[in-house]
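Here the structure comes first, spelled out in structure tokens, and everything after it is commentary.
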Amino acid sequence: MIDDCTSQDNRAYEYPAKETQYREEYPIIRDWISDGSNIIDFGCGDGSLLKILGRERNVTAIGYDISESGIQSCKEKGVAAICDRIDKVHPELTDNSFDYAICNVTLQMVNYPEVLLEEMFRVSTWQIISFPNFAYYKNRVDMALRGRMPTPMLFGYQWFSTGHIHQFSIQDFRNFVAASPNTVVEDEHHIGSNRPVLKGMVRAFPNMLSKIAIFLL
């Protein structure tokens, strides 16, 4: 555990202190989690997801993040959180000590995603992981027609200012899971178009049409 978050957070993300943020992934993650579960959130940000899960699923939870403002915001919400890197071995966490380990849209931002995933596998029975799909068709079009780093998945940032340092696709992630011993995909959900006529196509061709992928392992 470290005390100086800013020494690790090279982007110095700023979170509002008490406001609970909402993302499209949250209801999906909530529905996968059993009432009263024990949860760890790697890359918890401002604690909004854990706050919602505490209120709606009565979970016992702790978050890890390197953002100083994120940890402060967690405290303002009454969410337990520790300031530390998430992509390293955490000897203070014992094997299988959590029901669920969550990493929500953060895997692409760490230096050692494989270490983070192995820690999630080690400390929990179930893992919930979401990430922007780099193979999303708008990214493909942006690269093909403009010959530049695609921006649709950077959420307002540019190649030099984004925290995304390991872009990957749904197929890349599936390949990693397939190579991981004793790990299987139990369920998955894909966020793409909200138009009912296109939702079936997103399910059929997620590697091209899914903007955000959410996996239950």
What is the sum of charges around S97, taking Lys and Arg as +1, Asp and Glu as -1, for the other residues whose C-beta is under 13 Å from the C-beta of S97?
-3
For the range 90-217, just the Cα set please: Rg and Dmax, both in angstrom.
15.6, 49
Sorting S34, S73, S97 on the 10 Å Cβ count, fewest up front, what's the list?
S34, S97, S73
How far apart, in nm, are two points set 7 Å out from the Cα along the Cα-to-Cβ line at F160 and at M143?
2.2 nm
Whole-Hz Karplus ³J(HN,Hα) for the range 143-148, in order, using 6.51 cos²θ - 1.76 cosθ + 1.60 and θ = phi - 60°, x for Gly and Pro?
5, 5, 8, 10, x, 9
Once R0 is set to 22 Å, what does the formula 1/(1 + (r/R0)^6) return for the Cβ-Cβ distance between E56 and S97, expressed as a FRET efficiency to the nearest 0.05?
0.45
Short version: ³J(HN,Hα) in whole Hz for each residue of the range 126-137, in order, from phi by Karplus 6.51 cos²θ - 1.76 cosθ + 1.60 (θ = phi - 60°), x for Gly and Pro, what are they?
10, 10, 10, 10, 10, 6, x, 8, 5, 8, 3, 4
Taking the Cα centroid of the range 134-212 and of the range 100-129, what is the distance between the two, rounded to the nearest whole Å?
17 Å
Honestly the range 51-103 on the Cα gyration tensor test (a ≥ b ≥ c root eigenvalues; a/c under 1.5 rounded, otherwise a/b vs b/c for prolate or oblate) is just oblate
³J(HN,Hα), Karplus 6.51/-1.76/1.60, whole Hz, each residue of the range 48-56, x for Gly, Pro
4, 4, 5, 4, 5, 5, x, 6, 9
Lys/Arg Cβ at +1, Asp/Glu Cβ at -1, dipole of the range 81-201 taken about the Cα centre: which of W159, T125, Q171 is farthest positive-ward?
W159
Only counting other Cβ atoms within 10 Å, I'd like I82, I214, I40 sorted with the fewest neighbours first.
I82, I214, I40
Proxy exposure order for T106, T125, T162 (fewest C-beta within 10 Å first) is T125, T162, T106
Can you compute the modelled spin-label distance between K75 and R122, with each label point 7 Å from Cα toward Cβ, in nm?
2.8 nm
At R0 = 22 Å the Cβ-Cβ FRET efficiency linking Y112 and T183, nearest 0.05, sits at 0.80
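Computed from the coordinates by the stated procedures, all read-outs in this text should not be read as laboratory data. A quick note: this is a predicted structure, and the numbers were derived from the prediction, not measured. Glycine also receives a Cβ, built like all others from the backbone with ideal geometry; neighbour counts cover every protein chain displayed.
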